[in-house]
Amino acid sequence: MRTCGIEIKGSEAIICLMTLKDGLFELPDCRQNRFALSKDQDQQQMRHFQFTFAKFIEDYQITQLVIKERPQKGKFAGGAVGFKIETALQLIAGCECSIISATQLKEKIKRYPLPVDFRDTGLKVFQETAFLAGYAFLAK
């Protein structure tokens, strides 16, 4: 199962590809580590964002998206643009999409500690939350 962990920050979807095969996690090479939505979020731009991400899913044969949930209110609340991105991703046909809350993420990491230090993964620092989302989903 090829999974894409996603953290939505501002007008970007930060991603991390991950697979679990025979009990081993793998981080396949990927041409991109984020997708940005332009400042002008009209219908054409939203369709372009969704089409680009859908093409990425198809090219990398991704079967599952896992989005880290953002609070709807409070200090760390997500903005309107982020929720538009989340919706565009959830509506992509042919790929399952799950939302994982911060509480679920912490519980999974506690139950299934990371087998490797994040710094040793070769990923960029800003991809850590997307990595954790994918890992928490796959850790069973």
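The values are calculated or read from the model by the stated rules, or taken from the named source; none is laboratory data. Bear in mind the structure is a predicted one, so any value in this text is a computation, not a measurement. Because the Cβ atoms are built from the backbone with ideal geometry, glycine has one as well, and the counts that use them run over all protein chains shown.
Structural remarks
- Criterion: in contact (Cβ under 8 Å) with a residue 12 or more places away in the chain, in contact with a Phe, Trp or Tyr (Cβ under 7 Å, 6 or more places away or on another chain) and either in a loop (DSSP other than H, G, I, E, B) or not small (Gly, Ala, Ser) (or both) - qualifying residue of 105, 89, 65: 89
- Within the range 18-45, restricting attention to residues that are crowded, with 17+ Cβ neighbours inside 10 Å and farther than 19 Å from residue 113 by Cα, the residue that is farthest from the chain's Cα centre (by Cα) is 37.
- All conditions but one from (1) over 22 Å from residue 29 (Cα atoms); (2) buried (at least 17 other Cβ atoms within 10 Å of the Cβ); (3) touching a Cys at 6+ places or on another chain (Cβ under 9 Å); (4) not hydroxyl-bearing (Ser, Thr, Tyr) apply to residue 54; the one that does not is (1).
- Filtering the range 108-128 to residues that are exposed (fewer than 13 other Cβ atoms within 10 Å of the Cβ), of a type in the set (D, E, K, R) and assigned to a helix (DSSP H, G or I) leaves 110, 111, 119, 120.
- Residue list for the range 33-55, restricted to those being within 15 Å of residue 134 (Cβ to Cβ) and not charged (D, E, K, R): 33
- Filtered by the rule that a residue be at pLDDT 95 or above and of a type in the set (A, V, I, L, M), the range 1-25 gives 6, 8, 13, 14, 15, 17, 18.
- Top-ranked residue in the range 59-86 [being surrounded by 12 or more Cβ atoms within 10 Å (Cβ to Cβ) and of a type in the set (D, E, K, R); ranked as nearest to the chain's Cα centre (by Cα)]: 68
- Meets criteria (under 30 Å from residue 40 (Cβ atoms), of a type in the set (A, V, I, L, M) and assigned to a helix (DSSP H, G or I)) for residue 77: no
- Test: residue in the range 65-84 that is of a type in the set (Phe, Trp, Tyr) and at pLDDT below 95: yes
- Residue 131, sole failed condition from (1) in contact (Cβ under 8 Å) with a residue 60 or more places away in the chain; (2) surrounded by fewer than 16 Cβ atoms within 10 Å (Cβ to Cβ); (3) of a type in the set (A, V, I, L, M, F, W, C); (4) closer than 19 Å to residue 23 by Cβ: (2)
- Whether a residue is assigned to a helix (DSSP H, G or I), among the aromatic types (Phe, Trp, Tyr), more than 16 Å from the chain's Cα centre (by Cα) and at pLDDT 95 or above was assessed, and residue 56 does not pass this test.
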